[in-house]
1. With label points built 7 Å along Cα→Cβ from the Cα atoms of T16 and H157, find their separation and express it in nm.
2. Within segment 36-105, report the chymotrypsin sites (Phe, Trp or Tyr not before Pro) that DSSP leaves as loop and that have at most 13 other Cβ atoms within 10 Å.
3. Once R0 is set to 22 Å, what does the formula 1/(1 + (r/R0)^6) return for the Cβ-Cβ distance between N130 and E5, expressed as a FRET efficiency to the nearest 0.05?
4. Please list, in chain and number order, the residues 5+ apart from M136 or on another chain whose amide H is under 5 Å from its amide H, with Hs placed from the backbone.
5. Please give the length that would be gained between M59 and K109 if that part of the chain were fully extended, namely 0.36 nm times their separation in residues minus their C-alpha to C-alpha distance (nm, one decimal).
6. What are the residues whose amide H is under 5 Å from the amide H of K52, where those residues sit 5 or more places off or on another chain and H is modelled from the backbone?
7. Let me check against my output: what whole-number percent is the relative contact order of the chain, with C-alpha pairs under 8 Å and at least 6 apart?
Amino acid sequence: MQIGENKVVSIHYTLTDNEQNVLDTSSGGSPLYYIHGIGALIVGMEEGLLGKTAGTKLMLKVAPEKGYGAYEPELVQHVPLTAFGAQEVKPGMQFDAGSDEQRFIVTVKEVGAEVVIIDGNHPLAGVELNFEIEIMAVRNASEEELAHGHVHGLNGHHH
Ligand code: ZN
């Protein structure tokens with residue numbers, strides 16, 4: 001069975017940047033399960049996996065435009081330290097500044113005496129992504145899974 005619209009796909013993957021730093025991996029854990037074609041994965045990954053079958057191993061190089069987007073300097077903002085109230089603020093801390101509809105994570109870059117510099121870019125924005133992928137299984141999604149927009153069963157959602 002080939003990967004396409006509305007297939008449940010499980011993959012093992014390792015993600016590295018161009019300096020061979022491992023950014024994320026499923027190695028040693030459960031494979032990643034997802035429904036193809038509903039925007040669960042970044043565009044570059046779904047494009048690279050389309051039409052492939054279980055057992056296939058592949059390398060995918062994904063440009064930022066088909067990954068987590070280009071780095072946008074205007075998403076770096078200066079915020080008064082007082083905006084954080086009594087909360088301690090340190091570089092590297094992340095805050096959820098989004099709503100239920102759209103998650104929007106900002107990362108603290110620098111903390112000055114009066115001003116905090118925050119960055120609304122995804123941590124992987126502007127990064128070329130290198131995926132080493134092994135396709136473990138491909139099956140049809142059930143109607144219930146399609147209605148819910150997620151995978152059920154082992155390694156999926158439990159209700
Ligand atoms: Zn469900």
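1. Simple spin-label model gives 3.5 nm for this pair.
2. On the way: sites: Y68, Y71, F84, F95, F104; in loops: Y68, Y71, F104.
Those satisfying the criteria are F104.
3. Numbers: r = 26 Å, r/R0 = 1.19.
Computed FRET efficiency for N130 and E5 comes out at 0.25.
4. S10, I11, H12, G55
5. Working: separation 50, 0.36 × 50 = 18.00 nm, distance 3.24 nm.
Difference between extended and current length: 14.8 nm.
6. I3
7. Averaging sequence separation for qualifying contacts and normalising by length gives 34 percent for the chain.
None of the figures in this text is laboratory data; all of them are computed from the coordinates on show. Quick caveat: nothing in here was measured; it's all calculated off a predicted structure. Reconstructed Cβ throughout: ideal geometry from the backbone, glycine too, with neighbour counts over all protein chains shown.
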